[in-house]
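Note sheet for the following structure.
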Amino acid sequence: MRNKSKLGEILVEAGRLTNTQLQQALAEHKKKGLRLGQYLVREGYLSESEIVDVLSRQLKLETYRPDKFFLDMTLSKVLPADLAHRCQAVPLKKADMLLTVAMTDPQNIRAIDAIEQHVKTEVEIVLCTEQHLNHLISSIYGSFAGGLRSILRQDPDVVMVGEVRDKETAKIAVQAALTGHMVLTTLHTNDAAGAITRLIDMGVEPFLVSSVLGVSFSQRLVRKVCPGCKEAYRPSGDVLRYWQLEGNGDYDFVQGKGCFHCMHTGYKGRTGVYEVLTINNEI
């Protein structure tokens with residue numbers, strides 16, 4: 001299936017959307033970091049099931065029904081989790097040289113081509129709602145993003161996301177922040193400023209990053225001198241110059257001599273060193 005008609009054009013042709021409504025939606029959906037279909041549903045133009053029904057009729061595609069397609073966990077080996085997340089597709093059935101997948105966007109040709117290239121078979125599309133897709137991904141792959149969506153449906157004030165590691169989770173977290181939720185999460189970066197480029201690398205638009213990112217913390221864990229064997233000492237001039245401490249006042253320096261409590265390493269326990277970057281207009 002390689003139909004080039006766009007979603008908006010299909011909805012207008014089916015009489016479910018006026019040209020004026022379409023132009024307004026096209027002008028606004030990217031500003032809010034939403035796909036066109038997501039924006040139309042959120043703003044109340046159409047329900048998700050109505051969009052699926054229109055696409056099904058216009059593109060002559062089957063719609064997903066849980067009573068017809070039973071979950072086959074072995075299909076997770078056919079289509080790996082990272083590709084399923086990236087393409088927003090879930091395998092439903094495999095027969096000979098045909099793989100049937102559920103998708104919310106049947107016109108994502110790039111995703112369909114990527115799946116066909118990986119599985120080396122033809123792909124048949126079954127239309128499904130985003131809710132069904134999240135359930136399928138969660139059931140087959142144990143999707144973290146699917147779980148996050150379920151949490152957001154409860155409309156909490158504060159959401160703690162353990163880690164943003166892929167594009168889908170990043171976009172959900174951004175959308176949650178845009179709609180008034182306080183989102184706390186972690187990213188793998190080298191410093192606090194790296195959070196900005198990391199989100200952009202994962203596909204979040206720069207203008208959205210500036211809108212939702214309030215503050216970024218980075219931390220390093222450093223060893224603490226063992227309190228059982230610490231003793232005063234004076235660092236060399238080279239060390240003081242390296243840390244720009246020479247001539248800047250009197251400091252008390254200690255080092256661990258090594259004892260039974262620290263297994264003769266001189267260190268026991270750790271503490272954090274933190275960098276804080278508050279996002280402002282200048283940044």
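The values are calculated or read from the model by the stated rules, or taken from the named source; none is laboratory data. Predicted model, so just to flag it, every value in this text is computed and none were measured. Neighbour counts run over all protein chains shown; Cβ positions are idealised from the backbone, glycine included. Note: areas computed on protein heavy atoms with side chains; ligands, DNA, RNA excluded. Shrake-Rupley method; radii C 1.70, N 1.55, O 1.52, S 1.80 Å.
With respect to residue 275, is the statement that it is free of Cβ contacts under 8 Å to residues at least 12 places away in the same chain and open to solvent by 80 Å² or more (accessible area, probe 1.4 Å) true?
Numbers: free of Cβ contacts under 8 Å to residues at least 12 places away in the same chain: no; open to solvent by 80 Å² or more (accessible area, probe 1.4 Å): yes.
In short, no.
Every residue, every condition in (1) more than 22 Å from residue 38 (Cβ to Cβ); (2) in contact with a helix residue (DSSP H, G or I) (Cβ under 8 Å, 6 or more places away or on another chain); (3) aliphatic (A, V, I, L, M), yes or no:
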residue: 76; (1), (2), (3): yes, yes, no
residue: 99; (1), (2), (3): yes, yes, yes
residue: 103; (1), (2), (3): no, yes, yes
residue: 111; (1), (2), (3): no, yes, yes
residue: 114; (1), (2), (3): no, yes, yes
residue: 134; (1), (2), (3): no, yes, no
residue: 152; (1), (2), (3): no, yes, yes
residue: 173; (1), (2), (3): no, yes, yes
residue: 177; (1), (2), (3): no, yes, yes
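Any residue at all in region 211-222 that is open to solvent by less than 50 Å² (accessible area, probe 1.4 Å), within 16 Å of the chain's Cα centre (by Cα) and under 27 Å from residue 157 (Cβ atoms)? Yes, region 211-222 contains at least one residue that is open to solvent by less than 50 Å² (accessible area, probe 1.4 Å), within 16 Å of the chain's Cα centre (by Cα) and under 27 Å from residue 157 (Cβ atoms).
Scanning region 131-158 for residues being surrounded by fewer than 19 Cβ atoms within 10 Å (Cβ to Cβ) and not hydroxyl-bearing (Ser, Thr, Tyr) gives a total of 11.
Here is the figure for region 82-107: residues that are of a type in the set (A, V, I, L, M), open to solvent by 40 Å² or more (accessible area, probe 1.4 Å) and at pLDDT below 90 total 2. Does region 33-53 include one or more residues that are of a type in the set (Asp, Glu) and under 25 Å from the mean Cα position of the chain (by Cα)? Taking every residue of region 33-53 in turn, at least one turns out to be of a type in the set (Asp, Glu) and under 25 Å from the mean Cα position of the chain (by Cα).
Evaluate region 216-235: report whether one residue or more is in contact with a Pro (Cβ under 7 Å, 6 or more places away or on another chain) and either touching a residue at least 40 places away in the same chain (Cβ under 8 Å) or at negative phi (or both). Outline the logic, then answer.
Filtering region 216-235 for residues in contact with a Pro (Cβ under 7 Å, 6 or more places away or on another chain) gives none.
Within region 216-235, none of the residues are in contact with a Pro (Cβ under 7 Å, 6 or more places away or on another chain) and either touching a residue at least 40 places away in the same chain (Cβ under 8 Å) or at negative phi (or both).
Residues that are open to solvent by less than 40 Å² (accessible area, probe 1.4 Å) and not in a strand (DSSP E or B) were ranked within region 108-129; the one that is nearest to residue 66 (Cα to Cα) is 128.
Exactly one condition in (1) within 21 Å of residue 172 (Cβ to Cβ); (2) touching a strand residue (DSSP E or B) at 6+ places or on another chain (Cβ under 7 Å); (3) among the aliphatic types (A, V, I, L, M) is false for residue 99; which is it? Every listed condition holds for residue 99 apart from (1). All of 98, 61, 75, 40 fail the test of being more than 22 Å from residue 166 (Cβ to Cβ) and touching a residue at least 60 places away in the same chain (Cβ under 8 Å), apart from 61.
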